[in-house]
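Worksheet: the structure to be examined is printed underneath.
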Amino acid sequence: MPSENTVADRAREFLVRDELHIAKANSRYFDIVADHAAGSYLWDVNGRRYLDFAMGIAVNNVGHCHPRVVAAAREQTGRLIHCSAVTHHTLNIELAEKLARITPGQLSSVFFNNSGGEAVDAALKLARFITGRPNIVAFKGSFHGRTLLATALTTSKSHYREGYEPLPSGIFHVDHPYCYRCPVNQTPGSCGLECFDLFDRLFGQLVKPHSVAAIVLEPILGEGGVVPPATGYSGSGSYMQRLRELCDRHGILLVFDEVQTGFGRSGNWFACEHWGVEPDIMVMAKGIASGFPMAGVIARKELMDQWSPGRHGSTYGGNPVACAAALASISVIEEEDLLRNAREAGSVLVNELANFKQRYSFIGDIRGLGLMIGMEMVDAAGAPDGERLGRFLDQCRDRGLLLLDCGGKDHVARLTPALNVSQGEVREALGIIEQALAAVA
Ligand SMILES: Cc1ncc(COP(=O)(O)O)c(C=O)c1O
């Protein structure tokens, strides 16, 4: 066995080599050098164990290296790794059938991609192509990826946009219905979904609705701070239902970006089910294949069929090994009843975090659905407090718990554990969070 010192030097040595050869643009949340992982835990090259509530940014929904996913990918690697658009293949077809079954309503025809941003681009190419309309409406505070079109949609931070202007045109933004920081200064008692009237302003002042191909929404903002949309407190229906009606009225396609919220993360297969609203097009990635590069766009067949052959493509999209991993991941979610576990573990976490909020005035809001949970930190004036949140996350890491930040000012702690997280692991995380909160109080 190497001595403590030799072991500790391994991480430092890798970080020096990383510094020399890895692009800094793709920065890391933590200077931890991962070695291996299983279930809810990740070990670094020094042998230190972390309880991972980041899960590769909400990707490993069935936990790290689930044995069934590993076996399926191994088996497929020996059978067929790649065939691209040269031929059809069985797993592509089986996965599309399965996605048609677990996604809401009429969604049934799939285009496979490799990453979320790429799939967002594909969804919007599809929307523009079949409507013949140029414009797209997205929400302030949202994150849709790093391709140029996805960057133009993204407004969770100006940091993601600066330096890349001019960004693709024809993109317009409305305020997100973020109740804790209501864009139209309503309170839960007074709210009649006045934020929805911002569409009237948008359509009156900036862009005619008949020129809009698609409205794109993350059903729960992820990077933007784990923000579910307003539900409406005065019998006015939910924001999501109003959005569906607005799109129907104007022939606009409703696109849900379920890249982060999908595959059980919110306690339903897809977050839009919480509001009973079906999009015309849905974008999927992250949790679909437990970390294998895989993403997809699903739409009603009559829409997808209008995208004529050869008008879009991908060399690797729908790769057989990624398909095998996706099929195994979906089966695990189904057979291990992980939607239920996500709801139950999520409600334990939210209730306990709400207790901490009673103790610490710097916790402004606890919110989320299933195992997509945010804890917003505020200063004495109620403004976002990214500085304290940063110290809190460091304290968690030092105690062996990995949590990520999100929100425009990096002021929201994001909890996205594996959907099969155990009660014991939830208790372990809560114990560390309690200590870390006390340390930054
Ligand atoms: C909602 C949402 N859309 C799109 C993306 C981009 O996905 P990818 O990084 O796989 O391109 C992300 C990534 O965090 C996301 O959270």
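Per-structure values
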{"item": "Residue of Gly63, Gly291, Gly276 that the Gaussian network model of the chain assigns the largest fluctuation, springs spanning Cα pairs under 10 Å", "result": "Gly276"}
{"item": "Long-range HN-HN contacts of Ser40 with modeled amide H, under 5 Å", "result": "His64"}
{"item": "Estimated distance in nm for a label pair at Glu344 and Glu97, the labels positioned 7 Å out from Cα along Cα-to-Cβ", "result": "3.2"}
{"item": "Cα gyration tensor, the range 131-187 - rounded (a/c under 1.5), prolate or oblate", "result": "oblate"}
{"item": "Spherically averaged projected area of the range 45-84 from its Cα convex hull (nm²)", "result": "4.6"}
{"item": "Net dipole in debye of the chain [+1 Lys, Arg Cβ; -1 Asp, Glu Cβ; about Cα centre; nearest 20]", "result": "560"}
{"item": "Charge dipole (the range 69-335, unit charges on Cβ, about Cα centre) - positive-most of Ile252, Ile130, Pro183", "result": "Ile130"}
{"item": "For the range 69-335, fraction of C-alpha pairs farther apart than 32 Å, in %", "result": "22"}
{"item": "Linear extension gain, Arg201 paired with Ile57, 0.36 nm per residue minus alpha-carbon span", "result": "48.3 nm"}
{"item": "The range 67-75 - phi-based ³J(HN,Hα) in whole Hz, Karplus 6.51/-1.76/1.60, Gly and Pro as x", "result": "x, 6, 6, 4, 5, 5, 5, 4, 4"}
{"item": "Per residue, in Å², the accessible surface of the chain once ligands and nucleic acids are set aside, probe 1.4 Å", "result": "43"}
{"item": "Residues with amide H under 5 Å from that of Glu218, placed H, sequence gap 5 or more", "result": "Asp257"}
{"item": "5 angstrom amide H check on His411, placed H, neighbours 5+ away", "result": "Cys406"}
{"item": "In range of the label at Glu19: residues from the range 394-408 whose backbone nitrogen is under 14 Å from the point 7 Å along Cα→Cβ", "result": "none"}
{"item": "Pair Ala383, Thr77: separation of 7 Å Cα→Cβ label points (nm)", "result": "5.1"}
{"item": "Among Lys357, Lys208, Lys409: highest mean-square fluctuation, GNM of the chain, C-alpha pairs under 10 Å", "result": "Lys208"}
{"item": "Hz values of 3J(HN,Hα) by residue in the range 330-346 - Karplus curve (6.51, -1.76, 1.60), Gly and Pro given as x", "result": "5, 4, 4, 4, 5, 6, 9, 6, 7, 5, 5, 4, 4, 5, 5, 5, x"}
{"item": "Contour excess over end-to-end distance, with Cα ends at Ala439 and Val184 and 0.36 nm allotted per residue", "result": "88.2 nm"}
{"item": "Gained length - Ser422 relative to Leu148, 0.36 nm times residue gap less alpha-carbon distance", "result": "94.7 nm"}
{"item": "Inter-site label distance for Glu336 and Phe30 at 7 Å from Cα along Cβ, in nm", "result": "2.0"}
{"item": "For the range 356-365, 3J(HN,Hα) per residue [Karplus equation, 6.51 cos²θ - 1.76 cosθ + 1.60, θ = phi - 60°, Hz, x = Gly/Pro]", "result": "4, 4, 4, 8, 10, 5, 7, 8, x, 7"}
{"item": "Highest-MSF residue in the chain out of Glu13, Glu336, Glu302 [GNM, Cα springs under 10 Å]", "result": "Glu13"}
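The values are calculated or read from the model by the stated rules, or taken from the named source; none is laboratory data. Predicted, not measured: the structure shown is a model, and the values here were computed from it. When we count neighbours, we look across all protein chains shown, and the Cβ atoms used for this are built from the backbone with ideal geometry, even at glycine. Accessible surface is based on the protein model in full, side chains and every heavy atom, while ligands, DNA and RNA are left aside. Shrake-Rupley method; radii C 1.70, N 1.55, O 1.52, S 1.80 Å.
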